Amino acid sequence: MIETIASTPFDGQKPGTSGLRKKVKIFQQANYTENFIQAVFDVVERPGGATLVLGGDGRFYNRTAIQQAIRMAAANGYARVIVGQGGILSTPAASHVIRKYHASGGLILSASHNPGGPDEDFGIKYNIANGGPAPEAITEAVYARTRVIDRWLTVTAPDIDLDTVGTVTVAGMAVDVIDPVADYAQLMESLFDFPAMRAAVAGGFTMAFDAMNAVTGPYAVEILERRLGFAAGTVRGGTPLEDFGGHHPDPNLVHAKALYDAMMAPDAPDFGAASDGDGDRNLIIGKHRFITPSDSLAMLAANARLAPGYAAGLKGIARSMPTSAAADRVAAALGIACFETPTGWKFFGTLLDAGLATICGEESAGTGSDHIREKDGLWAVLLWVNILAVRGISVDALARDHWARFGRNYYARHDYEAIESALADALIDALTARLPTLPGSTFGTLTVAGADSFSYTDPVDGSISANQGLRVLFEGGSRVVFRLSGTGTQGATLRVYLERYEPADGHISGDTAYMLQAIVAAAEDIAGIAHHTGRTAPDVVT
Ligand code: VG1
Ligand code: CO
(Lines give C-alpha, C1' and ligand atoms only; values in the text may rest on other atoms or scores of the structure.)
(Ligands and ions follow the chains in the order given, each with its own letter.)
Protein backbone atom coordinates (compact mmCIF):
# COMPACT_ATOMS: atom_id res chain seq x y z
CA MET A 1 0.00 0.00 0.00
CA ILE A 2 1.32 3.42 -0.92
CA GLU A 3 1.77 5.80 1.99
CA THR A 4 1.90 9.57 1.60
CA ILE A 5 4.14 11.28 4.13
CA ALA A 6 3.54 15.01 4.62
CA SER A 7 6.66 17.15 4.41
CA THR A 8 7.84 20.71 3.97
CA PRO A 9 10.64 22.08 1.75
CA PHE A 10 14.27 22.46 2.84
CA ASP A 11 16.43 25.33 1.66
CA GLY A 12 19.47 24.67 -0.45
CA GLN A 13 18.64 21.39 -2.19
CA LYS A 14 20.25 22.73 -5.36
CA PRO A 15 22.46 20.21 -7.18
CA GLY A 16 25.98 21.54 -7.82
CA THR A 17 28.65 20.46 -10.30
CA SER A 18 27.76 16.83 -9.65
CA GLY A 19 24.56 16.29 -7.67
CA LEU A 20 23.49 17.38 -4.19
CA ARG A 21 26.35 17.24 -1.65
CA LYS A 22 25.94 18.05 2.02
CA LYS A 23 27.14 16.92 5.41
CA VAL A 24 25.73 13.53 6.45
CA LYS A 25 24.06 15.24 9.41
CA ILE A 26 22.04 17.34 6.99
CA PHE A 27 20.93 14.31 4.97
CA GLN A 28 19.98 12.57 8.23
CA GLN A 29 17.33 15.16 9.11
CA ALA A 30 13.81 13.75 8.92
CA ASN A 31 12.45 14.04 5.35
CA TYR A 32 15.62 15.62 3.89
CA THR A 33 16.86 12.69 1.79
CA GLU A 34 13.29 11.67 1.00
CA ASN A 35 12.31 15.16 -0.19
CA PHE A 36 15.18 15.22 -2.66
CA ILE A 37 14.57 11.71 -4.01
CA GLN A 38 10.85 12.44 -4.30
CA ALA A 39 11.61 15.68 -6.17
CA VAL A 40 13.64 13.63 -8.65
CA PHE A 41 10.85 11.08 -9.06
CA ASP A 42 8.32 13.90 -9.47
CA VAL A 43 10.13 15.59 -12.36
CA VAL A 44 12.05 12.99 -14.36
CA GLU A 45 10.54 11.46 -17.45
CA ARG A 46 10.03 7.73 -17.44
CA PRO A 47 7.89 5.29 -19.35
CA GLY A 48 5.45 2.95 -17.61
CA GLY A 49 7.25 -0.11 -16.27
CA ALA A 50 10.49 1.81 -15.87
CA THR A 51 13.69 0.45 -14.35
CA LEU A 52 15.79 2.45 -11.87
CA VAL A 53 19.47 1.72 -11.20
CA LEU A 54 20.64 2.29 -7.65
CA GLY A 55 24.10 2.18 -6.16
CA GLY A 56 26.67 4.20 -4.34
CA ASP A 57 30.27 4.44 -3.27
CA GLY A 58 29.68 2.61 0.02
CA ARG A 59 30.23 5.60 2.27
CA PHE A 60 28.48 6.08 5.59
CA TYR A 61 24.66 6.43 5.13
CA ASN A 62 24.78 4.62 1.75
CA ARG A 63 22.81 1.59 2.91
CA THR A 64 20.21 3.64 4.78
CA ALA A 65 19.54 5.85 1.77
CA ILE A 66 19.39 2.87 -0.59
CA GLN A 67 16.82 0.99 1.50
CA GLN A 68 14.65 4.10 1.63
CA ALA A 69 15.06 4.75 -2.11
CA ILE A 70 13.89 1.19 -2.88
CA ARG A 71 10.65 1.71 -0.93
CA MET A 72 10.13 5.10 -2.56
CA ALA A 73 10.75 3.69 -6.05
CA ALA A 74 8.07 1.07 -5.43
CA ALA A 75 5.62 3.74 -4.29
CA ASN A 76 6.44 5.91 -7.30
CA GLY A 77 5.56 3.28 -9.87
CA TYR A 78 8.91 1.84 -10.94
CA ALA A 79 8.58 -1.75 -12.13
CA ARG A 80 12.13 -2.74 -11.32
CA VAL A 81 15.16 -1.59 -9.37
CA ILE A 82 18.67 -2.85 -10.17
CA VAL A 83 20.94 -2.37 -7.19
CA GLY A 84 24.59 -3.30 -6.73
CA GLN A 85 25.35 -5.94 -4.10
CA GLY A 86 26.01 -4.26 -0.75
CA GLY A 87 24.55 -1.09 -2.25
CA ILE A 88 27.78 -0.65 -4.20
CA LEU A 89 28.15 0.60 -7.76
CA SER A 90 31.01 2.78 -8.90
CA THR A 91 29.83 5.80 -10.86
CA PRO A 92 31.15 4.42 -14.17
CA ALA A 93 29.65 0.99 -13.45
CA ALA A 94 26.29 2.61 -12.68
CA SER A 95 26.44 4.50 -15.96
CA HIS A 96 27.11 1.25 -17.80
CA VAL A 97 24.36 -0.67 -16.00
CA ILE A 98 21.81 2.07 -16.83
CA ARG A 99 22.73 1.77 -20.53
CA LYS A 100 23.02 -1.99 -20.66
CA TYR A 101 19.66 -2.72 -19.04
CA HIS A 102 17.82 0.20 -20.67
CA ALA A 103 16.91 1.75 -17.35
CA SER A 104 15.12 5.10 -17.41
CA GLY A 105 17.79 6.46 -15.08
CA GLY A 106 19.65 5.90 -11.87
CA LEU A 107 20.38 7.34 -8.47
CA ILE A 108 24.07 7.39 -7.59
CA LEU A 109 24.75 7.92 -3.91
CA SER A 110 28.14 9.54 -3.61
CA ALA A 111 30.01 12.64 -2.60
CA SER A 112 32.86 11.40 -4.78
CA HIS A 113 36.24 12.74 -3.61
CA ASN A 114 34.81 14.38 -0.47
CA PRO A 115 35.57 12.66 2.87
CA GLY A 116 33.03 10.24 4.34
CA GLY A 117 31.76 9.23 7.78
CA PRO A 118 29.09 10.42 10.25
CA ASP A 119 30.58 13.93 10.40
CA GLU A 120 31.58 14.19 6.76
CA ASP A 121 29.85 14.28 3.40
CA PHE A 122 27.11 12.44 1.52
CA GLY A 123 25.63 13.05 -1.89
CA ILE A 124 22.93 12.00 -4.33
CA LYS A 125 22.84 12.51 -8.05
CA TYR A 126 20.47 11.46 -10.78
CA ASN A 127 21.64 10.07 -14.12
CA ILE A 128 19.40 9.90 -17.16
CA ALA A 129 18.70 7.06 -19.60
CA ASN A 130 21.89 7.66 -21.61
CA GLY A 131 23.82 6.85 -18.41
CA GLY A 132 25.06 10.40 -17.93
CA PRO A 133 24.51 13.03 -15.24
CA ALA A 134 21.21 14.87 -15.57
CA PRO A 135 21.69 18.02 -17.63
CA GLU A 136 21.07 21.43 -16.08
CA ALA A 137 17.47 21.66 -17.31
CA ILE A 138 16.65 18.61 -15.17
CA THR A 139 18.70 19.57 -12.12
CA GLU A 140 17.03 22.99 -12.18
CA ALA A 141 13.60 21.35 -12.37
CA VAL A 142 14.47 19.08 -9.45
CA TYR A 143 15.61 22.08 -7.44
CA ALA A 144 12.41 23.98 -8.26
CA ARG A 145 10.41 20.96 -7.12
CA THR A 146 12.28 20.75 -3.79
CA ARG A 147 11.17 24.29 -3.05
CA VAL A 148 7.48 23.46 -3.11
CA ILE A 149 7.43 19.78 -2.19
CA ASP A 150 4.79 18.87 0.39
CA ARG A 151 4.87 15.08 0.52
CA TRP A 152 6.83 11.99 -0.35
CA LEU A 153 5.63 8.52 -1.23
CA THR A 154 6.70 5.21 0.23
CA VAL A 155 5.47 1.69 0.88
CA THR A 156 5.46 -0.31 4.08
CA ALA A 157 8.16 -2.89 3.55
CA PRO A 158 11.16 -4.10 5.51
CA ASP A 159 14.75 -3.51 4.37
CA ILE A 160 15.89 -6.01 1.74
CA ASP A 161 18.98 -8.21 2.01
CA LEU A 162 21.42 -6.11 -0.02
CA ASP A 163 24.25 -8.60 0.34
CA THR A 164 22.79 -11.55 -1.55
CA VAL A 165 22.71 -11.52 -5.34
CA GLY A 166 19.25 -12.39 -6.66
CA THR A 167 15.77 -10.99 -7.13
CA VAL A 168 13.30 -10.05 -4.42
CA THR A 169 9.97 -8.26 -4.52
CA VAL A 170 9.10 -5.08 -2.66
CA ALA A 171 5.41 -4.17 -2.76
CA GLY A 172 5.09 -5.75 -6.21
CA MET A 173 8.28 -4.18 -7.61
CA ALA A 174 11.19 -6.43 -8.61
CA VAL A 175 14.55 -5.65 -7.02
CA ASP A 176 17.55 -7.28 -8.69
CA VAL A 177 20.65 -7.31 -6.52
CA ILE A 178 23.51 -7.68 -9.01
CA ASP A 179 27.23 -8.33 -8.86
CA PRO A 180 28.54 -4.75 -9.17
CA VAL A 181 31.75 -5.76 -10.97
CA ALA A 182 30.75 -8.34 -13.60
CA ASP A 183 29.13 -6.16 -16.28
CA TYR A 184 31.81 -3.50 -15.97
CA ALA A 185 34.71 -5.95 -16.22
CA GLN A 186 33.16 -7.44 -19.34
CA LEU A 187 32.89 -3.97 -20.90
CA MET A 188 36.58 -3.31 -20.20
CA GLU A 189 37.52 -6.60 -21.87
CA SER A 190 35.63 -5.48 -24.98
CA LEU A 191 37.62 -2.22 -25.24
CA PHE A 192 41.20 -3.15 -24.39
CA ASP A 193 43.88 -5.55 -25.56
CA PHE A 194 43.88 -7.90 -22.57
CA PRO A 195 46.25 -10.44 -24.23
CA ALA A 196 48.87 -7.72 -24.86
CA MET A 197 48.50 -6.41 -21.32
CA ARG A 198 48.74 -9.92 -19.83
CA ALA A 199 51.88 -10.53 -21.88
CA ALA A 200 53.45 -7.32 -20.57
CA VAL A 201 52.62 -8.27 -16.98
CA ALA A 202 54.02 -11.77 -17.51
CA GLY A 203 57.12 -10.10 -18.94
CA GLY A 204 57.72 -8.14 -15.74
CA PHE A 205 55.62 -4.95 -16.07
CA THR A 206 54.68 -3.90 -12.53
CA MET A 207 52.09 -1.58 -11.08
CA ALA A 208 50.73 -0.05 -7.85
CA PHE A 209 47.08 0.91 -7.72
CA ASP A 210 45.65 2.84 -4.75
CA ALA A 211 41.89 2.39 -4.48
CA MET A 212 41.94 4.71 -1.44
CA ASN A 213 39.59 2.39 0.50
CA ALA A 214 36.84 3.52 -1.80
CA VAL A 215 34.57 1.87 -4.32
CA THR A 216 37.12 0.85 -6.97
CA GLY A 217 38.84 -1.78 -4.83
CA PRO A 218 36.73 -4.77 -5.88
CA TYR A 219 36.82 -3.66 -9.54
CA ALA A 220 40.58 -3.22 -9.51
CA VAL A 221 41.27 -6.54 -7.77
CA GLU A 222 39.10 -8.40 -10.28
CA ILE A 223 40.51 -6.73 -13.39
CA LEU A 224 44.12 -5.98 -12.49
CA GLU A 225 45.01 -8.91 -10.28
CA ARG A 226 42.65 -11.67 -11.46
CA ARG A 227 42.22 -10.94 -15.17
CA LEU A 228 45.55 -9.27 -16.04
CA GLY A 229 47.75 -11.21 -13.66
CA PHE A 230 49.34 -8.35 -11.72
CA ALA A 231 50.80 -9.65 -8.44
CA ALA A 232 48.57 -9.92 -5.38
CA GLY A 233 48.98 -6.68 -3.45
CA THR A 234 49.15 -4.56 -6.60
CA VAL A 235 45.86 -3.06 -5.43
CA ARG A 236 46.37 -1.10 -2.21
CA GLY A 237 43.50 0.22 -0.10
CA GLY A 238 41.30 -2.28 -1.90
CA THR A 239 38.69 -2.67 0.83
CA PRO A 240 35.88 -0.09 0.61
CA LEU A 241 35.38 1.54 4.02
CA GLU A 242 32.48 3.76 5.13
CA ASP A 243 34.91 6.53 6.08
CA PHE A 244 37.67 5.72 3.55
CA GLY A 245 39.95 5.06 6.50
CA GLY A 246 39.59 8.68 7.56
CA HIS A 247 41.23 10.02 4.38
CA HIS A 248 39.92 12.14 1.52
CA PRO A 249 39.40 9.67 -1.32
CA ASP A 250 40.77 12.28 -3.72
CA PRO A 251 43.49 10.97 -6.03
CA ASN A 252 45.83 13.93 -6.18
CA LEU A 253 49.36 14.70 -5.06
CA VAL A 254 48.20 15.67 -1.58
CA HIS A 255 45.79 12.90 -0.67
CA ALA A 256 47.55 10.14 -2.66
CA LYS A 257 50.97 11.23 -1.39
CA ALA A 258 51.91 7.71 -0.31
CA LEU A 259 51.46 6.47 -3.87
CA TYR A 260 53.42 9.43 -5.20
CA ASP A 261 56.29 8.73 -2.81
CA ALA A 262 56.30 5.06 -3.80
CA MET A 263 56.47 6.04 -7.48
CA MET A 264 59.41 8.39 -6.89
CA ALA A 265 61.38 5.79 -4.89
CA PRO A 266 64.37 4.05 -6.52
CA ASP A 267 62.53 0.71 -6.55
CA ALA A 268 59.25 2.13 -7.89
CA PRO A 269 57.02 -0.08 -10.01
CA ASP A 270 56.64 0.81 -13.70
CA PHE A 271 53.19 2.33 -13.35
CA GLY A 272 51.14 3.87 -10.55
CA ALA A 273 47.51 4.94 -10.42
CA ALA A 274 44.72 5.80 -8.00
CA SER A 275 41.00 6.45 -8.16
CA ASP A 276 38.52 8.43 -6.07
CA GLY A 277 35.55 7.76 -3.78
CA ASP A 278 33.13 6.76 -6.54
CA GLY A 279 35.69 5.47 -9.05
CA ASP A 280 35.30 8.05 -11.78
CA ARG A 281 38.63 9.85 -11.32
CA ASN A 282 42.13 8.63 -12.03
CA LEU A 283 45.63 9.69 -11.05
CA ILE A 284 48.48 8.57 -13.29
CA ILE A 285 52.08 8.45 -12.08
CA GLY A 286 54.80 6.63 -13.98
CA LYS A 287 58.04 5.51 -12.43
CA HIS A 288 59.63 8.87 -11.50
CA ARG A 289 57.17 10.79 -13.70
CA PHE A 290 53.88 12.43 -12.65
CA ILE A 291 51.44 13.01 -15.48
CA THR A 292 48.99 15.89 -15.06
CA PRO A 293 45.40 14.93 -15.81
CA SER A 294 45.38 17.43 -18.69
CA ASP A 295 48.46 15.81 -20.21
CA SER A 296 46.99 12.37 -19.59
CA LEU A 297 43.94 13.31 -21.69
CA ALA A 298 46.18 14.50 -24.51
CA MET A 299 48.48 11.47 -24.35
CA LEU A 300 45.60 9.00 -24.23
CA ALA A 301 43.95 10.71 -27.19
CA ALA A 302 47.17 10.67 -29.20
CA ASN A 303 47.65 6.93 -28.60
CA ALA A 304 44.08 5.66 -28.32
CA ARG A 305 44.19 3.76 -31.60
CA LEU A 306 46.45 1.21 -29.92
CA ALA A 307 43.43 -0.08 -28.00
CA PRO A 308 40.96 -2.26 -29.95
CA GLY A 309 37.94 -0.21 -28.85
CA TYR A 310 39.44 2.90 -30.46
CA ALA A 311 41.27 1.34 -33.43
CA ALA A 312 39.00 3.18 -35.87
CA GLY A 313 40.22 6.52 -34.51
CA LEU A 314 38.53 9.29 -32.56
CA LYS A 315 35.60 11.37 -33.75
CA GLY A 316 36.55 14.31 -31.59
CA ILE A 317 37.95 15.32 -28.22
CA ALA A 318 36.19 17.35 -25.54
CA ARG A 319 37.70 18.98 -22.48
CA SER A 320 36.38 21.24 -19.76
CA MET A 321 37.41 24.88 -20.05
CA PRO A 322 39.93 24.88 -17.14
CA THR A 323 41.64 21.78 -18.56
CA SER A 324 44.87 22.63 -20.38
CA ALA A 325 44.97 23.04 -24.14
CA ALA A 326 47.32 20.04 -24.55
CA ALA A 327 44.43 17.99 -25.98
CA ASP A 328 43.64 20.74 -28.50
CA ARG A 329 47.05 20.23 -30.11
CA VAL A 330 46.44 16.51 -30.44
CA ALA A 331 43.02 17.14 -31.97
CA ALA A 332 44.56 19.56 -34.46
CA ALA A 333 47.22 16.99 -35.42
CA LEU A 334 44.56 14.29 -35.84
CA GLY A 335 42.37 16.63 -37.87
CA ILE A 336 39.41 16.26 -35.51
CA ALA A 337 37.33 18.73 -33.51
CA CYS A 338 38.10 19.76 -29.94
CA PHE A 339 35.24 21.03 -27.78
CA GLU A 340 35.62 23.26 -24.72
CA THR A 341 32.81 22.78 -22.18
CA PRO A 342 32.05 24.10 -18.69
CA THR A 343 33.32 22.14 -15.68
CA GLY A 344 31.33 18.98 -14.91
CA TRP A 345 30.74 15.79 -16.83
CA LYS A 346 27.11 16.64 -17.55
CA PHE A 347 28.24 18.90 -20.39
CA PHE A 348 29.87 16.05 -22.35
CA GLY A 349 26.70 13.98 -22.70
CA THR A 350 25.21 15.72 -25.72
CA LEU A 351 28.56 15.62 -27.58
CA LEU A 352 28.99 11.90 -26.88
CA ASP A 353 25.38 11.08 -27.80
CA ALA A 354 25.70 13.02 -31.06
CA GLY A 355 28.92 11.22 -32.00
CA LEU A 356 30.89 14.47 -32.02
CA ALA A 357 33.43 13.39 -29.40
CA THR A 358 34.93 10.02 -28.46
CA ILE A 359 37.26 10.98 -25.60
CA CYS A 360 36.62 13.60 -22.90
CA GLY A 361 38.58 14.88 -19.94
CA GLU A 362 38.88 17.32 -17.09
CA GLU A 363 41.89 18.71 -15.28
CA SER A 364 40.45 17.32 -12.04
CA ALA A 365 41.61 13.80 -12.90
CA GLY A 366 38.56 12.80 -14.90
CA THR A 367 38.90 11.05 -18.24
CA GLY A 368 36.44 8.92 -20.16
CA SER A 369 34.98 8.01 -23.50
CA ASP A 370 31.79 7.20 -25.34
CA HIS A 371 31.73 3.67 -23.82
CA ILE A 372 29.60 5.18 -21.02
CA ARG A 373 28.45 8.68 -20.08
CA GLU A 374 30.61 9.28 -17.00
CA LYS A 375 34.27 9.73 -16.42
CA ASP A 376 35.88 6.41 -15.66
CA GLY A 377 38.93 5.98 -13.45
CA LEU A 378 39.79 2.35 -14.15
CA TRP A 379 39.12 2.83 -17.88
CA ALA A 380 41.83 5.51 -18.01
CA VAL A 381 44.23 3.27 -16.10
CA LEU A 382 43.58 0.36 -18.47
CA LEU A 383 43.99 2.54 -21.56
CA TRP A 384 47.36 3.68 -20.21
CA VAL A 385 48.44 0.10 -19.50
CA ASN A 386 47.21 -0.98 -22.95
CA ILE A 387 49.23 1.79 -24.64
CA LEU A 388 52.38 1.14 -22.61
CA ALA A 389 52.11 -2.61 -23.23
CA VAL A 390 51.77 -2.18 -26.99
CA ARG A 391 54.42 0.53 -27.34
CA GLY A 392 56.76 -1.16 -24.90
CA ILE A 393 58.01 2.13 -23.42
CA SER A 394 57.94 3.78 -20.00
CA VAL A 395 55.54 6.54 -18.94
CA ASP A 396 58.47 8.96 -18.80
CA ALA A 397 59.58 8.10 -22.35
CA LEU A 398 56.03 8.42 -23.65
CA ALA A 399 55.65 11.84 -22.01
CA ARG A 400 58.95 13.16 -23.36
CA ASP A 401 58.09 11.88 -26.82
CA HIS A 402 54.70 13.60 -26.62
CA TRP A 403 56.10 16.97 -25.53
CA ALA A 404 58.82 16.83 -28.17
CA ARG A 405 56.07 16.58 -30.74
CA PHE A 406 53.30 18.82 -29.39
CA GLY A 407 55.06 21.12 -26.92
CA ARG A 408 54.23 21.11 -23.23
CA ASN A 409 51.44 22.75 -21.25
CA TYR A 410 52.84 23.20 -17.75
CA TYR A 411 49.86 23.07 -15.45
CA ALA A 412 48.80 23.33 -11.82
CA ARG A 413 45.66 24.07 -9.85
CA HIS A 414 45.72 26.02 -6.60
CA ASP A 415 42.72 25.50 -4.29
CA TYR A 416 41.82 27.88 -1.46
CA GLU A 417 39.33 25.92 0.63
CA ALA A 418 36.55 26.88 3.05
CA ILE A 419 36.78 30.61 2.40
CA GLU A 420 33.91 32.61 3.82
CA SER A 421 31.41 32.73 0.93
CA ALA A 422 30.96 36.51 1.04
CA LEU A 423 34.72 37.03 0.65
CA ALA A 424 34.95 34.65 -2.28
CA ASP A 425 31.98 36.29 -3.96
CA ALA A 426 33.57 39.71 -3.49
CA LEU A 427 36.77 38.50 -5.17
CA ILE A 428 34.84 37.13 -8.14
CA ASP A 429 32.71 40.27 -8.42
CA ALA A 430 35.74 42.57 -8.35
CA LEU A 431 37.59 40.47 -10.89
CA THR A 432 34.56 40.27 -13.17
CA ALA A 433 34.37 44.06 -13.14
CA ARG A 434 38.07 44.31 -13.93
CA LEU A 435 38.07 41.89 -16.90
CA PRO A 436 37.31 44.46 -19.64
CA THR A 437 40.30 46.58 -18.53
CA LEU A 438 42.83 43.74 -18.65
CA PRO A 439 43.58 43.16 -22.37
CA GLY A 440 46.85 44.85 -23.31
CA SER A 441 48.08 45.20 -19.72
CA THR A 442 51.28 43.49 -18.63
CA PHE A 443 52.14 41.48 -15.54
CA GLY A 444 55.90 40.92 -15.40
CA THR A 445 56.77 39.40 -18.75
CA LEU A 446 53.16 38.45 -19.49
CA THR A 447 50.81 40.47 -21.67
CA VAL A 448 47.07 39.90 -21.46
CA ALA A 449 45.63 38.97 -24.85
CA GLY A 450 42.03 38.56 -23.71
CA ALA A 451 39.84 38.15 -20.63
CA ASP A 452 36.25 36.97 -20.24
CA SER A 453 33.66 35.15 -18.20
CA PHE A 454 33.23 31.79 -19.90
CA SER A 455 29.80 31.19 -21.39
CA TYR A 456 28.97 27.96 -23.23
CA THR A 457 26.43 27.29 -25.91
CA ASP A 458 25.89 23.57 -26.32
CA PRO A 459 26.43 22.84 -30.03
CA VAL A 460 23.86 20.03 -29.97
CA ASP A 461 20.88 21.33 -28.01
CA GLY A 462 21.66 25.07 -28.06
CA SER A 463 21.36 25.44 -24.28
CA ILE A 464 23.42 28.26 -22.78
CA SER A 465 25.40 28.08 -19.53
CA ALA A 466 26.86 31.42 -18.45
CA ASN A 467 29.30 32.39 -15.66
CA GLN A 468 31.36 29.20 -15.88
CA GLY A 469 34.69 30.71 -14.81
CA LEU A 470 36.82 33.80 -15.40
CA ARG A 471 39.60 33.44 -17.99
CA VAL A 472 42.65 35.60 -18.46
CA LEU A 473 44.54 34.61 -21.59
CA PHE A 474 48.14 35.73 -22.13
CA GLU A 475 49.97 36.10 -25.40
CA GLY A 476 51.72 32.85 -26.36
CA GLY A 477 49.10 30.40 -25.09
CA SER A 478 49.52 30.73 -21.31
CA ARG A 479 46.56 31.61 -19.06
CA VAL A 480 44.98 31.68 -15.64
CA VAL A 481 41.39 30.73 -14.84
CA PHE A 482 39.43 31.50 -11.67
CA ARG A 483 36.25 29.77 -10.57
CA LEU A 484 34.38 28.73 -7.45
CA SER A 485 33.85 25.05 -6.75
CA GLY A 486 30.38 23.56 -7.03
CA THR A 487 31.07 20.40 -5.02
CA GLY A 488 32.24 21.68 -1.64
CA THR A 489 30.09 21.50 1.48
CA GLN A 490 31.73 24.22 3.57
CA GLY A 491 32.02 27.90 2.64
CA ALA A 492 33.51 28.52 -0.81
CA THR A 493 36.50 26.95 -2.52
CA LEU A 494 38.38 29.14 -4.98
CA ARG A 495 40.13 27.25 -7.76
CA VAL A 496 42.93 28.98 -9.63
CA TYR A 497 44.03 27.11 -12.75
CA LEU A 498 47.51 27.99 -14.03
CA GLU A 499 48.84 27.07 -17.43
CA ARG A 500 51.99 27.93 -19.38
CA TYR A 501 52.62 26.72 -22.87
CA GLU A 502 56.11 25.95 -24.14
CA PRO A 503 56.41 24.97 -27.80
CA ALA A 504 58.20 21.78 -28.82
CA ASP A 505 61.43 23.67 -29.46
CA GLY A 506 61.12 25.54 -26.13
CA HIS A 507 61.97 24.56 -22.56
CA ILE A 508 60.03 21.29 -22.27
CA SER A 509 61.85 19.55 -19.42
CA GLY A 510 61.52 22.16 -16.69
CA ASP A 511 60.14 21.91 -13.17
CA THR A 512 56.42 22.72 -13.10
CA ALA A 513 56.45 24.98 -10.01
CA TYR A 514 59.39 26.95 -11.40
CA MET A 515 57.90 27.24 -14.87
CA LEU A 516 54.61 28.56 -13.44
CA GLN A 517 56.09 31.17 -11.07
CA ALA A 518 55.34 34.14 -13.31
CA ILE A 519 51.76 32.99 -13.88
CA VAL A 520 51.21 32.48 -10.14
CA ALA A 521 52.44 36.01 -9.46
CA ALA A 522 50.23 37.40 -12.23
CA ALA A 523 47.21 35.55 -10.82
CA GLU A 524 47.73 37.21 -7.42
CA ASP A 525 48.15 40.65 -9.02
CA ILE A 526 45.07 40.21 -11.17
CA ALA A 527 42.68 38.76 -8.58
CA GLY A 528 44.03 40.07 -5.26
CA ILE A 529 43.59 36.70 -3.57
CA ALA A 530 45.42 37.72 -0.38
CA HIS A 531 43.63 41.07 -0.26
CA HIS A 532 40.17 39.54 -0.57
CA THR A 533 40.59 36.33 1.41
CA GLY A 534 43.53 36.89 3.72
CA ARG A 535 45.09 33.71 2.31
CA THR A 536 48.69 33.92 1.19
CA ALA A 537 49.06 30.31 0.06
CA PRO A 538 46.73 27.69 -1.39
CA ASP A 539 45.52 24.76 0.76
CA VAL A 540 45.97 22.22 -2.00
CA VAL A 541 48.24 22.31 -5.04
CA THR A 542 47.60 19.65 -7.68
C1 VG1 B 1 35.00 19.24 -9.24
C2 VG1 B 1 35.93 19.24 -10.43
C3 VG1 B 1 35.15 18.93 -11.70
C4 VG1 B 1 34.42 17.59 -11.53
C5 VG1 B 1 33.56 17.63 -10.28
C6 VG1 B 1 32.92 16.30 -9.99
O7 VG1 B 1 34.02 20.23 -9.38
O8 VG1 B 1 36.57 20.48 -10.55
O9 VG1 B 1 36.03 18.91 -12.80
O10 VG1 B 1 33.61 17.34 -12.65
O11 VG1 B 1 34.36 17.98 -9.14
O12 VG1 B 1 33.87 15.30 -9.87
P13 VG1 B 1 34.11 21.67 -8.66
O14 VG1 B 1 32.83 22.37 -9.00
O15 VG1 B 1 34.30 21.41 -7.20
O16 VG1 B 1 35.33 22.33 -9.23
V17 VG1 B 1 33.60 13.99 -8.84
O18 VG1 B 1 34.80 12.89 -9.09
O19 VG1 B 1 33.37 14.83 -7.43
O20 VG1 B 1 32.04 13.37 -9.29
CO1 CO C 1 34.25 11.13 -8.41
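The values are calculated or read from the model by the stated rules, or taken from the named source; none is laboratory data. Only a predicted model underlies this, so the values are computations on that prediction, with no experimental measurement involved. Reconstructed Cβ throughout: ideal geometry from the backbone, glycine too, with neighbour counts over all protein chains shown. To get the accessible areas, we keep the full protein, side chains included, count just its heavy atoms, and leave off ligands, DNA and RNA. Shrake-Rupley method; radii C 1.70, N 1.55, O 1.52, S 1.80 Å.
Before moving on, here are some points about what is shown:
- Sorting the segments 295-302, 75-82 by their residues' average number of neighbouring beta-carbon atoms within 10 angstrom, most packed first, yields 295-302, 75-82.
- Per residue value of the accessible surface for the range 357-417 (all protein chains in place, 1.4 Å probe), Å²: 21
- Percent carbon-and-sulfur accessible area, the chain, ignoring ligands, DNA and RNA, probe 1.4 Å: 52
- Given charges at Cβ of Lys, Arg, Asp, Glu: the chain dipole, positive-most of Thr323, His113, Ala258: Thr323
- Accessible area per residue, Å², the range 34-150 with all protein chains present, probe 1.4 Å: 27
- Cβ-Cβ FRET estimate between Ala332 and Glu45, R0 fixed at 51 Å, reported to 0.05: 0.85
- Peptide packing: for 490-498, 387-395, 355-363, the average count of neighbouring Cβ atoms within 10 Å per residue gives the ranking 355-363, 490-498, 387-395, highest mean first.
- Gain upon complete extension [Thr156, Thr447; 0.36 nm per residue less C-alpha separation]: 98.1 nm
- Solvent-accessible heavy-atom area per residue, rounded to whole Å², over the range 186-288 at 1.4 Å: 37
- DSSP-defined antiparallel bridges as percent of all bridges, the range 276-435, nearest 5: 50
- Length gained on full extension, Ala433 to Asp267, computed as 0.36 nm times the residue gap minus the Cα-Cα distance: 54.5 nm.
- Dimensionless Rg/Rh of the range 394-542 - Kirkwood Rh, Rg from C-alpha atoms: 1.00
- Of all DSSP-defined beta bridges confined to the chain, some 70% are antiparallel rather than parallel.
- Only Lys, Arg, Asp and Glu carry charge here, each on its Cβ (+1 for the first two, -1 for the last two); on that basis the range 330-429 has a dipole of about 640 debye about its Cα centre.
- Inter-label distance, Asp461 to Glu417: 3.3 nm, where each label sits 7 Å from its Cα along the C-beta direction.
- Extension reserve of the Ala530-Lys25 stretch, reckoned as 0.36 nm per residue once the Cα distance is removed: 178.5 nm
- Sites Ala537 and Glu340 - FRET efficiency at Förster radius 35 Å, r taken between beta-carbons, to 0.05: 0.75
- Placing a pseudo-label 7 Å from each Cα along the Cα-to-Cβ vector at Ala504 and Ala141 gives an inter-label distance of 4.9 nm.
- In the chain, the alpha-carbon atoms span a convex hull of 139 Å³ per residue.
- Summed over qualifying helices (DSSP H, 4 residues or more, each -39500 (n - 2.57)) and divided by its residue number, the chain shows a 222 nm mean residue ellipticity of -9000 deg cm²/dmol.
- Here's the picture: a label point sits 7 Å out from the Cα of Thr512 along the beta-carbon direction, and within the range 276-305 the residues with their amide nitrogen under 17 Å of it are 276, 281-300.
- Note on Ala311 and Lys100: their simple-model spin labels are 2.3 nm apart, each label 7 Å out from Cα toward Cβ.
- Rounded to the nearest 20 debye, dipole of the chain from Cβ charges on Lys, Arg, Asp, Glu: 560
- Placing unit charges on each Cβ (+1 for Lys and Arg, -1 for Asp and Glu) gives the range 241-372 a dipole about its Cα centre, and among Gly335, Ala357, Leu306 the Cα reaching farthest toward its positive end belongs to Gly335.
- Per-peptide packing, taken as the mean over residues of other Cβ atoms within 10 Å, places 280-289, 95-104, 264-273 in the sequence 280-289, 95-104, 264-273 from highest down.
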